[in-house]
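Below: the structure, in structure tokens.
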Amino acid sequence: MTTILGLSGSLRAGSFNSALLRAAAASMPQGATLEVGTIRGIPLYDGDVEAQGMPETVVKLKERVVATDGLLLVTPEYNNSMPGVFKNAIDWLTRPPADIPRVFAKRPVGIIGASPGGFGTLLSQTAWLPVLKTLGTAAYFGGRLQVSRADGVFDAAGNLVDERIREQLKKYLAGFCEFVAAAQR
Ligand SMILES: Cc1cc2nc3c(=O)[nH]c(=O)nc-3n(C[C@H](O)[C@H](O)[C@H](O)COP(=O)(O)O)c2cc1C
């Protein structure tokens, strides 16, 4: 069984990216599950806070990453890059640096995202690449999913209502899960 941890980079209740993450959890191929994690409660990174001990929310999220086989980042796009809250959460997971190999090295990581705009988080997904490279992850490049015009893809309750996107999501997840399973062998 392949287990993947998914994180949405938005804290908004009506988030398109959190809706995409929930849709992903319901669209996994056989033999794989997607756990929906959260960055909620992760404080702003402050070296003085870290010096007093790692926050409990950070320790818990880090151990959830370690316990799963792959990580799926569902990223919004802010000003053609990743949102600060999402980067902040990942930055915390890289502390202390001695833990980076255990948490990130060779870990399969996929990136998808949704935006009401026309480019579907293309630049945000690209902005994550140097981060994934520097952490030594095994970034997945076998597929891509950029959900544009997201206000027409999800209904008011956050349900995925666009069947074309559902098929694209399933295809992405099938490829990513195959990649994650191959990394386990
Ligand atoms: C500070 C800020 C900057 C944004 N910049 C972009 C952008 O560069 N490209 C884009 O497609 N959408 C941009 N947006 C719109 C977001 O894509 C939109 O708010 C989206 O709903 C955020 O994701 P969420 O629904 O998961 O919260 C921006 C939104 C905010 C708040």
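Restricting to the range 159-185, and then to whatever is open to solvent by 60 Å² or more (accessible area, probe 1.4 Å) and outside any helix (DSSP H, G or I), can you tell me which residue is nearest to Ala19 (Cα to Cα)?
Looking at residues that are open to solvent by 60 Å² or more (accessible area, probe 1.4 Å) and outside any helix (DSSP H, G or I), I get Asn159.
Does the range 21-33 contain at least one residue that is over 28 Å from Gln184 (Cα atoms) and open to solvent by 60 Å² or more (accessible area, probe 1.4 Å)?
Scanning the range 21-33 turns up no residue that is over 28 Å from Gln184 (Cα atoms) and open to solvent by 60 Å² or more (accessible area, probe 1.4 Å).
Within 21 Å of Leu129 (Cβ to Cβ), hydroxyl-bearing (Ser, Thr, Tyr) and under 11 Å from the mean Cα position of the chain (by Cα): is that true of Thr94 in this structure?
No.
Do we find that Leu132 is crowded, with 17+ Cβ neighbours inside 10 Å, under 21 Å from Glu77 (Cα atoms) and touching a strand residue (DSSP E or B) at 6+ places or on another chain (Cβ under 8 Å) in this structure?
When the stated conditions are applied, Leu132 passes them.
Which pairs turn up if I take residues in the range 116-128 that are at negative phi and more than 6 Å from the ligand (Cβ to nearest atom) and look for partners that are open to solvent by less than 30 Å² (accessible area, probe 1.4 Å) and among the hydroxyl-bearing types (Ser, Thr, Tyr) with beta carbon separation below 7 Å, at least 6 apart in sequence or on another chain?
That search, which allows pairs on different chains as well, returns Ser124/Thr75; Gln125/Thr75; Trp128/Thr75.
Say we look at the range 1-13 and pick out the residues that are in contact (Cβ under 8 Å) with a residue 12 or more places away in the chain and in a loop (DSSP other than H, G, I, E, B); which of these is farthest from Asp69 (Cα to Cα)?
Going through the qualifying residues, I end up with Leu11.
Where residues in the range 3-44 are of a type in the set (S, T, N, Q) and touching a Pro at 6+ places or on another chain (Cβ under 9 Å), which of them is farthest from the ligand (Cβ to nearest atom)?
Looking at the filtered set, the residue picked out is Ser8.
Restricting attention to the range 105-126, which residues are under 23 Å from Leu11 (Cα atoms) and part of a loop (DSSP other than H, G, I, E, B)?
First, the residues of the range 105-126 that are under 23 Å from Leu11 (Cα atoms): 109-126.
Across the range 105-126, the qualifying residues are Ser115, Pro116, Gly117, Gly118, Phe119, Gly120, Thr121.
Any residue in the range 14-39 that is on the phi > 0 side of the Ramachandran plot and outside any strand (DSSP E or B) sitting within a Cβ distance under 7 Å of a residue that is of a type outside the set (Asp, Glu) and surrounded by fewer than 16 Cβ atoms within 10 Å (Cβ to Cβ)? List the pairs, counting only those 6 or more apart or interchain.
Correct list of pairs: Gly31/Met1.
Just checking, does the range 48-69 include any residue being within 16 Å of the ligand (Cβ to nearest atom) and either surrounded by fewer than 23 Cβ atoms within 10 Å (Cβ to Cβ) or assigned to a loop (DSSP other than H, G, I, E, B) (or both)?
No - not one qualifying residue is present in the range 48-69.
The values are calculated or read from the model by the stated rules, or taken from the named source; none is laboratory data. Just so it is clear, the model here is predicted, and its values are computed rather than measured. With ideal geometry, Cβ positions are generated from the backbone for all residues, glycine too; neighbour counts draw on all protein chains shown. Each accessible area value is taken on the protein alone, full model and side chains, heavy atoms only, with ligands, DNA and RNA left out. Shrake-Rupley method; radii C 1.70, N 1.55, O 1.52, S 1.80 Å.
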